[in-house]
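Have a look at the structure below before the remarks.
What follows is calculated from the coordinates using simple rules that are stated; it is not laboratory data. Since the model is a prediction, treat every value here as computed from it, not as a measurement. Using ideal geometry, Cβ is built from the backbone for each residue, glycine included, and neighbour counts are taken over all protein chains shown.
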Amino acid sequence: MRRRLREARLRIGQACLEDLRGADQRGLDRALIRQFATCQRVAAHKRVLITGATGKGKTYVAFALPQQACRKGHWTLYRRIPHLLDELTLARADGTCAGLMNRFAQTDLMVLDDLGLVTLNDK
């Protein structure tokens, strides 16, 4: 589990669904959070999109979900979109893109954060 957590690169390594407080005030559906805790969506390769206003706990949930998945034996990755784009550009330039894509394909859960903070181009 330690290796899975280390390789996931979670910035908030101690985030866990059990510690999610104030779900009602944040507008989070407790039943949905309990469902996420089972990791059935991860096992079924289902997508999850977390949206909401600032301060509603999106980032915490985005770290708690992969942490829970690691505890259940799944391989996870966390990437901020700006870092992911840099990583892909570098891999393409140095010829390691196929290996990087293979690593992504072997991951059970990949969390992509900060999508709206970068301008995408055709590099």
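Using alpha carbons only, how many angstrom separate the centre of the stretch 45-73 from the centre of the stretch 80-118?
When both Cα centres are located, 18 Å separates them.
Could you work out the local net charge near Gln40, counting Lys and Arg as +1, Asp and Glu as -1, over the other residues with Cβ closer than 13 Å to its Cβ?
Details: positive: Arg34, Arg41, Lys46, Lys72; negative: Asp108.
Charge balance in the 13 Å sphere: +3.
Which trypsin sites (Lys or Arg not before Pro) in the stretch 1-92 pass both tests, a DSSP loop state and at most 13 other beta-carbon atoms within 10 Å? Provide the component values of the computation, followed by the final result.
On the way: sites: Arg2, Arg3, Arg4, Arg6, Arg9, Arg11, Arg21, Arg26, Arg30, Arg34, Arg41, Lys46, Arg47, Lys56, Lys58, Arg71, Lys72, Arg79, Arg80, Arg92; in loops: Arg9, Arg11, Arg21, Lys46, Arg47, Lys56, Lys72.
Hits after loop and neighbour filter: Arg11, Arg21, Lys46, Arg47.
Taking amide hydrogens as modeled 1.01 Å from N in the peptide plane, which residues meet the under 5 Å criterion relative to Leu77, leaving out close sequence neighbours?
For Leu77, whose amide H was placed from the backbone, the distant partners under 5 Å are Leu109, Met110, Val111.
For a label point 7 Å from the Cα of Arg2 along Cα→C-beta, name the residues of the stretch 65-102 whose backbone N is under 20 Å from it.
Counting backbone N atoms under 20 Å from the label point, the list is 67-77.
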